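Engineer: Can you keep this structure in mind? I'll have questions shortly.
The values are calculated or read from the model by the stated rules, or taken from the named source; none is laboratory data. The model shown is predicted, which means the values in this text are computed figures rather than measured ones. Every residue, glycine among them, receives a Cβ derived from its backbone with ideal geometry; neighbour counts consider all protein chains shown. Each accessible area value is taken on the protein alone, full model and side chains, heavy atoms only, with ligands, DNA and RNA left out. Shrake-Rupley method; radii C 1.70, N 1.55, O 1.52, S 1.80 Å.
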Amino acid sequence: MIVKFFDYPKLYSEHSKDYESILKKTLSKGSYILQNELVKFEENLKKYLDAQDVVGVADGTNALILSLIALDISHGDEVLLPSHTYIATASAVKFVGAKPILCECNEDSSISVDDLKKKVNSKTKLIIPVNLNGKCCDLDMILQLRKKFKGLKILEDSAQGLGSRLNDKHAGTFGELGTISFYPAKTLGCFGDGGAIIVNEKKYIKKIRMLRDHGRNTKGSVEIWGTNSRLDNIQAAILDFKLKNLGNYIKKRQQIAKIYDQLDILKEVTIPQKNNDRYFNSYQNYECLFKNRNKLKKYLTKKGIGTMIQWNGKALHQFDKLDLKHFSLPRTDLFFKKSLMLPMNTFITNAQAKYVVKSIFEFYGL
Ligand SMILES: *Cc1c(COP(=O)(O)O)cnc(C)c1O
(Lines give C-alpha, C1' and ligand atoms only; values in the text may rest on other atoms or scores of the structure.)
Protein backbone atom coordinates (compact mmCIF):
# COMPACT_ATOMS: atom_id res chain seq x y z
CA MET A 1 0.00 0.00 0.00
CA ILE A 2 1.17 3.53 -0.81
CA VAL A 3 0.14 6.48 1.39
CA LYS A 4 1.38 9.76 -0.06
CA PHE A 5 1.96 12.61 2.34
CA PHE A 6 0.01 14.90 0.01
CA ASP A 7 -1.47 14.42 -3.43
CA TYR A 8 -1.58 17.79 -5.23
CA PRO A 9 -3.24 16.66 -8.51
CA LYS A 10 -6.17 15.33 -6.46
CA LEU A 11 -6.96 18.84 -5.25
CA TYR A 12 -8.20 19.50 -8.75
CA SER A 13 -9.44 16.11 -9.94
CA GLU A 14 -11.69 15.73 -6.89
CA HIS A 15 -14.13 18.38 -8.22
CA SER A 16 -12.72 19.21 -11.66
CA LYS A 17 -16.15 19.67 -13.30
CA ASP A 18 -17.22 22.19 -10.66
CA TYR A 19 -13.95 24.11 -10.92
CA GLU A 20 -14.16 24.26 -14.70
CA SER A 21 -17.66 25.68 -14.57
CA ILE A 22 -16.66 28.24 -11.92
CA LEU A 23 -13.68 29.33 -14.05
CA LYS A 24 -15.78 29.57 -17.19
CA LYS A 25 -18.49 31.59 -15.48
CA THR A 26 -16.14 34.02 -13.75
CA LEU A 27 -13.74 34.48 -16.66
CA SER A 28 -16.41 34.96 -19.29
CA LYS A 29 -17.94 37.79 -17.25
CA GLY A 30 -14.56 39.51 -17.17
CA SER A 31 -14.54 39.47 -13.35
CA TYR A 32 -10.85 39.39 -12.46
CA ILE A 33 -10.09 41.85 -9.65
CA LEU A 34 -12.17 42.97 -6.62
CA GLN A 35 -15.46 41.75 -8.09
CA ASN A 36 -18.65 40.21 -6.77
CA GLU A 37 -17.10 36.75 -6.22
CA LEU A 38 -14.59 38.22 -3.77
CA VAL A 39 -17.26 40.26 -2.00
CA LYS A 40 -19.43 37.14 -1.62
CA PHE A 41 -16.57 34.98 -0.37
CA GLU A 42 -15.53 37.59 2.20
CA GLU A 43 -19.14 37.85 3.37
CA ASN A 44 -19.58 34.06 3.67
CA LEU A 45 -16.29 33.54 5.49
CA LYS A 46 -17.16 36.38 7.85
CA LYS A 47 -20.46 34.64 8.67
CA TYR A 48 -18.74 31.27 9.09
CA LEU A 49 -16.24 32.74 11.55
CA ASP A 50 -18.66 35.13 13.23
CA ALA A 51 -16.09 37.93 12.77
CA GLN A 52 -16.50 41.70 12.32
CA ASP A 53 -14.97 41.50 8.86
CA VAL A 54 -12.83 39.35 6.58
CA VAL A 55 -10.57 40.94 3.97
CA GLY A 56 -9.07 38.84 1.17
CA VAL A 57 -5.38 39.50 0.48
CA ALA A 58 -2.61 38.11 -1.73
CA ASP A 59 -1.41 35.37 0.65
CA GLY A 60 -0.95 34.48 4.31
CA THR A 61 2.38 36.30 4.55
CA ASN A 62 0.88 39.53 3.20
CA ALA A 63 -1.99 39.05 5.65
CA LEU A 64 0.58 39.15 8.47
CA ILE A 65 2.47 42.15 7.08
CA LEU A 66 -0.64 44.25 6.47
CA SER A 67 -1.97 43.31 9.92
CA LEU A 68 1.26 44.45 11.57
CA ILE A 69 1.07 47.75 9.69
CA ALA A 70 -2.59 48.20 10.66
CA LEU A 71 -1.69 47.56 14.32
CA ASP A 72 1.09 50.21 14.09
CA ILE A 73 3.86 47.73 14.87
CA SER A 74 7.08 49.28 13.65
CA HIS A 75 10.74 49.99 14.25
CA GLY A 76 12.14 48.56 17.47
CA ASP A 77 8.84 47.17 18.80
CA GLU A 78 9.18 43.79 20.51
CA VAL A 79 6.92 41.02 19.23
CA LEU A 80 6.58 37.64 20.98
CA LEU A 81 6.06 34.59 18.78
CA PRO A 82 6.85 30.86 18.90
CA SER A 83 10.03 29.49 17.37
CA HIS A 84 7.95 26.55 16.11
CA THR A 85 6.28 28.38 13.23
CA TYR A 86 6.70 29.09 9.54
CA ILE A 87 9.41 31.59 8.67
CA ALA A 88 6.66 33.97 7.44
CA THR A 89 5.52 34.76 10.99
CA ALA A 90 8.96 36.13 11.86
CA SER A 91 9.80 37.59 8.45
CA ALA A 92 6.62 39.70 8.55
CA VAL A 93 7.80 41.11 11.90
CA LYS A 94 11.25 41.86 10.43
CA PHE A 95 9.62 43.38 7.36
CA VAL A 96 8.01 46.16 9.41
CA GLY A 97 11.29 46.74 11.31
CA ALA A 98 10.12 45.18 14.57
CA LYS A 99 12.02 42.71 16.75
CA PRO A 100 10.94 39.05 16.96
CA ILE A 101 11.35 37.53 20.44
CA LEU A 102 11.07 33.74 20.20
CA CYS A 103 9.21 31.55 22.69
CA GLU A 104 9.05 27.84 23.50
CA CYS A 105 6.31 25.48 22.35
CA ASN A 106 4.39 22.88 24.34
CA GLU A 107 4.27 19.19 23.44
CA ASP A 108 0.97 19.87 21.66
CA SER A 109 2.90 22.28 19.34
CA SER A 110 1.25 25.49 20.63
CA ILE A 111 3.14 28.45 22.13
CA SER A 112 4.05 28.04 25.81
CA VAL A 113 2.11 30.46 28.00
CA ASP A 114 4.70 29.95 30.78
CA ASP A 115 7.43 31.20 28.48
CA LEU A 116 5.24 34.08 27.28
CA LYS A 117 4.76 35.14 30.91
CA LYS A 118 8.55 35.13 31.41
CA LYS A 119 9.25 37.20 28.31
CA VAL A 120 6.42 39.72 28.19
CA ASN A 121 7.30 43.20 29.50
CA SER A 122 6.50 46.87 28.95
CA LYS A 123 8.42 46.87 25.64
CA THR A 124 6.26 44.07 24.24
CA LYS A 125 3.84 45.57 21.72
CA LEU A 126 2.35 42.39 20.30
CA ILE A 127 1.98 38.65 20.83
CA ILE A 128 1.52 36.42 17.78
CA PRO A 129 0.04 33.10 18.90
CA VAL A 130 0.20 30.66 15.98
CA ASN A 131 -2.78 28.30 15.84
CA LEU A 132 -0.63 25.53 14.45
CA ASN A 133 -1.74 22.22 12.97
CA GLY A 134 -5.43 23.19 13.24
CA LYS A 135 -5.46 23.66 16.98
CA CYS A 136 -6.01 26.86 18.94
CA CYS A 137 -3.33 28.02 21.35
CA ASP A 138 -4.31 28.61 24.97
CA LEU A 139 -5.91 31.86 23.87
CA ASP A 140 -7.87 32.33 27.11
CA MET A 141 -4.63 32.64 29.03
CA ILE A 142 -3.05 34.82 26.35
CA LEU A 143 -6.00 37.23 26.48
CA GLN A 144 -5.60 37.43 30.26
CA LEU A 145 -1.97 38.37 29.73
CA ARG A 146 -3.04 41.13 27.35
CA LYS A 147 -5.16 42.69 30.11
CA LYS A 148 -2.12 43.07 32.34
CA PHE A 149 -0.07 45.19 29.91
CA LYS A 150 -1.46 48.45 28.59
CA GLY A 151 -1.50 48.65 24.81
CA LEU A 152 -0.45 45.02 24.31
CA LYS A 153 -2.12 43.58 21.21
CA ILE A 154 -2.77 40.08 19.88
CA LEU A 155 -2.45 39.00 16.24
CA GLU A 156 -3.30 35.34 15.66
CA ASP A 157 -1.41 33.63 12.86
CA SER A 158 -4.22 31.29 11.94
CA ALA A 159 -2.77 30.21 8.59
CA GLN A 160 -3.21 26.62 9.80
CA GLY A 161 -6.12 27.27 12.11
CA LEU A 162 -9.17 27.80 9.93
CA GLY A 163 -12.15 25.84 11.28
CA SER A 164 -10.63 25.08 14.66
CA ARG A 165 -12.27 26.46 17.79
CA LEU A 166 -11.64 27.05 21.47
CA ASN A 167 -14.75 27.14 23.67
CA ASP A 168 -16.81 27.31 20.47
CA LYS A 169 -15.06 30.48 19.30
CA HIS A 170 -13.19 30.32 16.01
CA ALA A 171 -9.41 30.47 15.70
CA GLY A 172 -8.46 33.90 14.43
CA THR A 173 -11.28 35.72 16.23
CA PHE A 174 -9.64 36.13 19.66
CA GLY A 175 -7.05 38.84 18.98
CA GLU A 176 -7.47 42.29 17.42
CA LEU A 177 -6.72 40.62 14.08
CA GLY A 178 -6.15 37.10 12.73
CA THR A 179 -4.65 35.86 9.47
CA ILE A 180 -5.42 32.89 7.21
CA SER A 181 -3.55 31.31 4.31
CA PHE A 182 -5.24 29.65 1.34
CA TYR A 183 -2.04 27.96 0.15
CA PRO A 184 -3.17 24.85 -1.79
CA ALA A 185 -2.27 22.36 0.95
CA LYS A 186 -4.07 24.28 3.69
CA THR A 187 -7.44 23.06 5.01
CA LEU A 188 -9.14 25.61 2.75
CA GLY A 189 -6.76 25.92 -0.19
CA CYS A 190 -7.04 27.68 -3.55
CA PHE A 191 -5.14 27.00 -6.80
CA GLY A 192 -2.29 29.40 -6.15
CA ASP A 193 -1.58 31.94 -3.44
CA GLY A 194 -4.29 33.51 -1.33
CA GLY A 195 -4.92 34.76 2.17
CA ALA A 196 -7.25 36.75 4.37
CA ILE A 197 -7.26 39.00 7.42
CA ILE A 198 -9.90 38.40 10.08
CA VAL A 199 -10.86 41.71 11.65
CA ASN A 200 -12.29 41.55 15.15
CA GLU A 201 -12.41 45.26 15.95
CA LYS A 202 -14.34 47.64 13.75
CA LYS A 203 -11.73 50.39 13.94
CA TYR A 204 -9.31 48.39 11.75
CA ILE A 205 -11.70 47.53 8.92
CA LYS A 206 -11.26 50.62 6.76
CA LYS A 207 -7.48 50.75 7.17
CA ILE A 208 -7.00 47.11 6.18
CA ARG A 209 -9.31 47.42 3.19
CA MET A 210 -7.28 50.45 2.05
CA LEU A 211 -3.87 48.87 2.77
CA ARG A 212 -4.51 45.96 0.40
CA ASP A 213 -5.55 48.29 -2.46
CA HIS A 214 -2.93 51.04 -2.72
CA GLY A 215 -4.31 53.01 0.21
CA ARG A 216 -7.49 53.79 -1.72
CA ASN A 217 -10.89 54.20 -0.12
CA THR A 218 -14.09 52.82 -1.68
CA LYS A 219 -14.33 55.90 -3.91
CA GLY A 220 -10.85 55.28 -5.30
CA SER A 221 -9.27 58.21 -3.51
CA VAL A 222 -5.87 57.59 -1.86
CA GLU A 223 -5.91 58.23 1.91
CA ILE A 224 -2.83 56.35 3.18
CA TRP A 225 0.26 54.57 1.82
CA GLY A 226 -0.78 51.06 0.82
CA THR A 227 0.19 48.31 -1.58
CA ASN A 228 -1.30 45.85 -4.01
CA SER A 229 -2.25 42.79 -2.00
CA ARG A 230 -5.61 41.69 -3.35
CA LEU A 231 -7.07 38.19 -3.36
CA ASP A 232 -7.70 37.24 -7.00
CA ASN A 233 -11.36 37.14 -7.90
CA ILE A 234 -11.03 33.71 -9.53
CA GLN A 235 -9.40 32.26 -6.42
CA ALA A 236 -12.18 33.83 -4.35
CA ALA A 237 -14.82 32.14 -6.54
CA ILE A 238 -13.14 28.76 -6.03
CA LEU A 239 -12.69 29.36 -2.31
CA ASP A 240 -16.35 30.30 -1.94
CA PHE A 241 -17.29 26.94 -3.47
CA LYS A 242 -14.86 25.06 -1.22
CA LEU A 243 -16.03 26.95 1.88
CA LYS A 244 -19.40 25.19 1.50
CA ASN A 245 -17.57 21.87 1.89
CA LEU A 246 -15.25 22.97 4.69
CA GLY A 247 -17.34 21.26 7.38
CA ASN A 248 -17.06 17.97 5.49
CA TYR A 249 -13.32 18.40 4.92
CA ILE A 250 -12.82 18.87 8.66
CA LYS A 251 -15.04 15.87 9.50
CA LYS A 252 -12.91 13.75 7.19
CA ARG A 253 -9.71 14.95 8.84
CA GLN A 254 -11.14 14.25 12.29
CA GLN A 255 -12.10 10.75 11.16
CA ILE A 256 -8.50 10.05 10.08
CA ALA A 257 -7.22 11.60 13.33
CA LYS A 258 -9.43 9.28 15.33
CA ILE A 259 -7.74 6.29 13.70
CA TYR A 260 -4.27 7.76 14.32
CA ASP A 261 -5.26 8.44 17.96
CA GLN A 262 -4.90 4.67 18.55
CA LEU A 263 -1.16 5.42 18.73
CA ASP A 264 -1.86 6.95 22.14
CA ILE A 265 -1.35 3.54 23.80
CA LEU A 266 2.34 3.53 22.82
CA LYS A 267 4.62 5.02 25.46
CA GLU A 268 7.04 6.00 22.68
CA VAL A 269 4.48 8.32 21.05
CA THR A 270 2.87 11.64 22.03
CA ILE A 271 -0.20 12.32 19.91
CA PRO A 272 -1.76 15.78 19.33
CA GLN A 273 -4.36 17.23 21.71
CA LYS A 274 -7.57 15.20 21.28
CA ASN A 275 -10.90 16.92 20.76
CA ASN A 276 -12.69 17.68 24.01
CA ASP A 277 -15.17 20.17 25.46
CA ARG A 278 -12.72 23.05 24.99
CA TYR A 279 -10.81 22.23 21.84
CA PHE A 280 -12.30 21.55 18.42
CA ASN A 281 -9.32 20.52 16.32
CA SER A 282 -9.53 20.88 12.52
CA TYR A 283 -6.35 18.80 12.01
CA GLN A 284 -4.53 20.82 9.38
CA ASN A 285 -1.70 18.46 10.34
CA TYR A 286 -1.27 15.45 12.59
CA GLU A 287 2.06 16.16 14.28
CA CYS A 288 3.32 13.67 16.88
CA LEU A 289 6.44 13.21 18.97
CA PHE A 290 8.13 9.86 18.37
CA LYS A 291 10.99 8.11 20.12
CA ASN A 292 13.64 7.16 17.51
CA ARG A 293 11.93 9.51 15.06
CA ASN A 294 14.59 9.30 12.32
CA LYS A 295 14.57 5.51 12.28
CA LEU A 296 10.77 5.47 12.25
CA LYS A 297 10.67 7.91 9.33
CA LYS A 298 12.98 5.64 7.30
CA TYR A 299 10.93 2.58 8.24
CA LEU A 300 7.69 4.24 7.12
CA THR A 301 9.29 5.34 3.83
CA LYS A 302 10.15 1.69 3.15
CA LYS A 303 6.53 0.83 3.90
CA GLY A 304 5.36 3.33 1.26
CA ILE A 305 4.18 5.92 3.79
CA GLY A 306 5.10 9.56 3.24
CA THR A 307 5.81 11.66 6.34
CA MET A 308 7.23 15.13 6.90
CA ILE A 309 9.08 17.04 9.60
CA GLN A 310 7.48 20.45 9.76
CA TRP A 311 9.43 23.45 8.36
CA ASN A 312 11.99 21.13 6.79
CA GLY A 313 13.07 20.06 10.27
CA LYS A 314 14.03 23.42 11.76
CA ALA A 315 12.48 25.83 14.24
CA LEU A 316 13.23 29.51 13.60
CA HIS A 317 16.11 29.76 16.09
CA GLN A 318 17.81 26.79 14.39
CA PHE A 319 18.47 28.63 11.10
CA ASP A 320 22.24 29.18 11.21
CA LYS A 321 22.27 32.12 8.84
CA LEU A 322 19.55 34.20 10.51
CA ASP A 323 19.92 36.50 13.50
CA LEU A 324 17.66 34.43 15.77
CA LYS A 325 20.30 31.87 16.80
CA HIS A 326 20.91 33.44 20.21
CA PHE A 327 17.52 32.31 21.57
CA SER A 328 17.98 29.34 23.86
CA LEU A 329 14.89 27.14 23.55
CA PRO A 330 15.71 23.64 24.84
CA ARG A 331 12.10 22.45 24.83
CA THR A 332 11.69 23.42 21.19
CA ASP A 333 15.04 21.73 20.37
CA LEU A 334 13.77 18.52 21.95
CA PHE A 335 10.45 18.85 20.11
CA PHE A 336 12.26 19.03 16.77
CA LYS A 337 14.29 15.92 17.52
CA LYS A 338 11.09 13.94 17.91
CA SER A 339 8.39 15.61 15.81
CA LEU A 340 6.95 14.07 12.67
CA MET A 341 3.75 14.66 10.69
CA LEU A 342 1.70 11.71 9.46
CA PRO A 343 -0.26 12.00 6.18
CA MET A 344 -3.34 14.14 6.90
CA ASN A 345 -5.69 15.30 4.17
CA THR A 346 -9.12 14.59 2.74
CA PHE A 347 -7.87 12.00 0.23
CA ILE A 348 -6.71 9.43 2.77
CA THR A 349 -8.96 6.41 3.23
CA ASN A 350 -9.66 4.74 6.56
CA ALA A 351 -7.81 1.66 5.28
CA GLN A 352 -4.73 3.76 4.55
CA ALA A 353 -4.86 5.39 8.00
CA LYS A 354 -5.15 1.96 9.63
CA TYR A 355 -2.14 0.78 7.61
CA VAL A 356 -0.13 3.75 8.94
CA VAL A 357 -1.09 2.85 12.53
CA LYS A 358 -0.31 -0.83 11.99
CA SER A 359 3.11 0.02 10.55
CA ILE A 360 3.98 2.24 13.52
CA PHE A 361 2.85 -0.49 15.95
CA GLU A 362 5.12 -2.89 14.05
CA PHE A 363 8.07 -0.52 14.32
CA TYR A 364 7.75 -0.35 18.11
CA GLY A 365 7.34 -4.12 18.30
CA LEU A 366 3.66 -4.19 19.27
C1 LIG B 1 1.27 28.75 5.45
C2 LIG B 1 1.66 29.58 6.60
C3 LIG B 1 1.88 30.97 6.51
C4 LIG B 1 2.02 31.73 5.23
O5 LIG B 1 1.06 31.59 4.30
P6 LIG B 1 1.35 31.86 2.74
O7 LIG B 1 -0.04 31.93 2.20
O8 LIG B 1 2.12 30.70 2.21
O9 LIG B 1 2.07 33.15 2.62
C10 LIG B 1 2.11 31.68 7.68
N11 LIG B 1 2.14 31.08 8.87
C12 LIG B 1 1.94 29.76 9.01
C13 LIG B 1 1.96 29.15 10.38
C14 LIG B 1 1.72 28.95 7.88
O15 LIG B 1 1.56 27.63 8.03
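Engineer: Taking the Cα centre of the range 275-366 as the origin and placing charges on Cβ (Lys, Arg +1; Asp, Glu -1), which of Thr307, Gly365, Leu342 is farthest toward the positive end of the dipole?
Structural biologist: Gly365
Engineer: How about the range 315-350: which trypsin sites (Lys or Arg not before Pro) there are in a DSSP loop, with at most 15 other Cβ atoms within 10 Å of their Cβ?
Structural biologist: Sparse-neighbourhood loop trypsin sites (Lys or Arg not before Pro): Lys321, Lys325.
Engineer: Kindly write out, for the range 358-365 in residue order, the coupling ³J(HN,Hα) from the Karplus curve 6.51 cos²θ - 1.76 cosθ + 1.60 (θ = phi - 60°), rounded to whole Hz, with x marking Gly and Pro.
Structural biologist: So the J values, rounded to whole Hz, are 4, 5, 5, 4, 4, 4, 8, x.
Engineer: What is the chain by shape, rounded, prolate or oblate, if you read a ≥ b ≥ c off the alpha carbon gyration tensor as root eigenvalues and call it rounded for a/c under 1.5, prolate for a/b larger than b/c, and oblate otherwise?
Structural biologist: Working: a/c = 1.95, a/b = 1.19, b/c = 1.64.
It comes out oblate by the Cα gyration axes.
Engineer: How big is the range 254-325 on each of its three principal axes, counting only the C-alpha atoms and giving the largest first in Å?
Structural biologist: Principal axes ranked by extent give 41, 35, 21 Å for the Cα atoms.
Engineer: Follow-up. Give me the distance in nm between label points sitting 7 Å out from Cα along the Cα-to-Cβ direction at Lys337 and Asn292, one decimal.
Structural biologist: According to this spin-label approximation, the distance is 1.6 nm.
Engineer: Specify the inter-centroid distance of the range 57-136 and the range 227-301, based on alpha-carbon positions, in whole Å.
Structural biologist: Answer, in whole Å: 22.
Engineer: Where a ≥ b ≥ c are the square roots of the eigenvalues of the C-alpha gyration tensor, would you call the range 60-113 rounded, which needs a/c under 1.5, or, failing that, prolate if a/b is larger than b/c, or oblate? Don't jump to the answer; show the numbers that get you there.
Structural biologist: Details: a/c = 2.42, a/b = 1.71, b/c = 1.41.
In terms of gyration-tensor shape, prolate.
Engineer: List the chymotrypsin sites (Phe, Trp or Tyr not before Pro) in the range 198-256 that DSSP assigns to loop (not H, G, I, E or B) and whose Cβ has at most 14 other Cβ atoms within 10 Å. Which are they? Please report the intermediate quantities before stating the final value.
Structural biologist: Numbers: sites: Tyr204, Trp225, Phe241, Tyr249; in loops: Trp225.
Here the sparse-neighbourhood loop sites are Trp225.
Engineer: Using amide H atoms built 1.01 Å from N in the peptide plane, name the residues 5+ places from Val3, or on other chains, whose amide H lies under 5 Å from its own.
Structural biologist: Those lying under 5 Å, H to H, from Val3 are Ile305, Gly306.
Engineer: Once label points are set 7 Å from the Cα along Cα→Cβ at both Lys40 and Asn217, what is their separation, rounded to one decimal in nm?
Structural biologist: 3.0 nm
Engineer: Given a Förster distance of 22 angstrom, what is the FRET efficiency for Lys203 paired with Lys150, based on the Cβ-Cβ distance and rounded to 0.05? If you can, show how the numbers build up before the last one.
Structural biologist: Numbers: r = 17 Å, r/R0 = 0.78.
According to the calculation, E is roughly 0.80.
Engineer: What is the local net charge at Gln160, summed over the other residues whose Cβ is closer than 9 Å to its Cβ (Lys, Arg +1; Asp, Glu -1)? Let's see the in-between values first.
Structural biologist: Details: positive: Lys135, Lys186; negative: Asp157.
Once positives and negatives cancel, what remains is +1.
Engineer: Moving to a separate point now. At a Förster radius of 35 Å, what calculated FRET efficiency corresponds to the Cβ-Cβ distance of Asn276 and Asp18, to the nearest 0.05? Intermediate results must be reported in sequence, preceding the final value.
Structural biologist: Details: r = 35 Å, r/R0 = 1.00.
It comes to 0.50.
Engineer: Sticking with the crude label model, points 7 Å out along Cα→Cβ, report the distance from Gln262 to Lys94 in nm, one decimal please.
Structural biologist: 4.4 nm
Engineer: Please give the FRET efficiency for Thr227 paired with Asp72, using the beta carbon to beta carbon distance and R0 = 22 Å, rounded to the nearest 0.05. Write out the running numbers ahead of the final one.
Structural biologist: Values: r = 16 Å, r/R0 = 0.74.
According to the calculation, E is roughly 0.85.
Engineer: Let me know the shape class of the range 240-366, please: from the alpha-carbon gyration tensor, a ≥ b ≥ c as square roots of the eigenvalues, rounded when a/c is under 1.5, otherwise prolate if a/b is greater than b/c, or oblate.
Structural biologist: Numbers: a/c = 1.81, a/b = 1.24, b/c = 1.46.
Oblate.
Engineer: Here's a follow-up. For the range 140-243, what is the relative contact order in percent, using Cα pairs closer than 8 Å and at least 6 residues apart in sequence? Could the numbers behind the result be given before it?
Structural biologist: Details: 165 pairs, mean separation 18.0, N = 104.
Dividing the mean separation by the residue count of the range 140-243 yields 17 percent.
Engineer: While we're looking at this one, here's another question. Please state the relative contact order of the range 85-149 as a whole percent: Cα pairs under 8 Å, 6+ residues apart?
Structural biologist: Values: 42 pairs, mean separation 17.9, N = 65.
Reported as a whole number, the value is 28 percent.
Engineer: Among the lysines, which fall within straight-line cross-link reach of Lys153, defined as a Cα-Cα distance under 20 Å, with same-chain neighbours fewer than 8 residues apart omitted?
Structural biologist: Cross-link targets: Lys94, Lys99, Lys117, Lys118, Lys119, Lys123, Lys125, Lys169, Lys202, Lys203, Lys206, Lys207.
Engineer: Another question about this same structure. Of Lys297, Lys267, which has the most accessible area and how do the rest follow, probe 1.4 Å? Walk me through the numbers on the way to the answer.
Structural biologist: Values: Lys297 60, Lys267 185 Å².
Putting Lys297, Lys267 in descending order of accessible area: Lys267, Lys297.
Engineer: Ignoring ligands, DNA and RNA, what percent of the 1.4 Å accessible area of the chain is carbon and sulfur?
Structural biologist: Details: 8720 of 16530 Å².
Carbon plus sulfur share of accessible area: 53 percent.
Engineer: Compute the accessible area per residue over the chain, keeping the other protein chains in place, probe 1.4 Å, unit Å². Intermediate values should be presented prior to the final figure.
Structural biologist: Values: 16530 Å² over 366 residues.
That works out to 45 Å² per residue.
Engineer: Okay, moving on. Using only the Cα atoms of the range 198-288, each taken as one equal point scatterer with no solvent, compute I(q) by the Debye sum, divide by I(0), and report log10 of the ratio at q = 0.18 Å⁻¹.
Structural biologist: For the range 198-288 at q = 0.18 Å⁻¹, log10 I(q)/I(0) is -0.89.
Engineer: Same structure, new question: For the chain, what's the relative contact order in percent, using C-alpha pairs closer than 8 Å and at least 6 residues apart?
Structural biologist: In percent, rounded to a whole number, it is 21.
Engineer: Antiparallel DSSP bridges in the chain: what percent, to the nearest 5?
Structural biologist: Working: 24 of 39 bridges.
Restricted to the chain, the bridges split so that about 60 percent are antiparallel.
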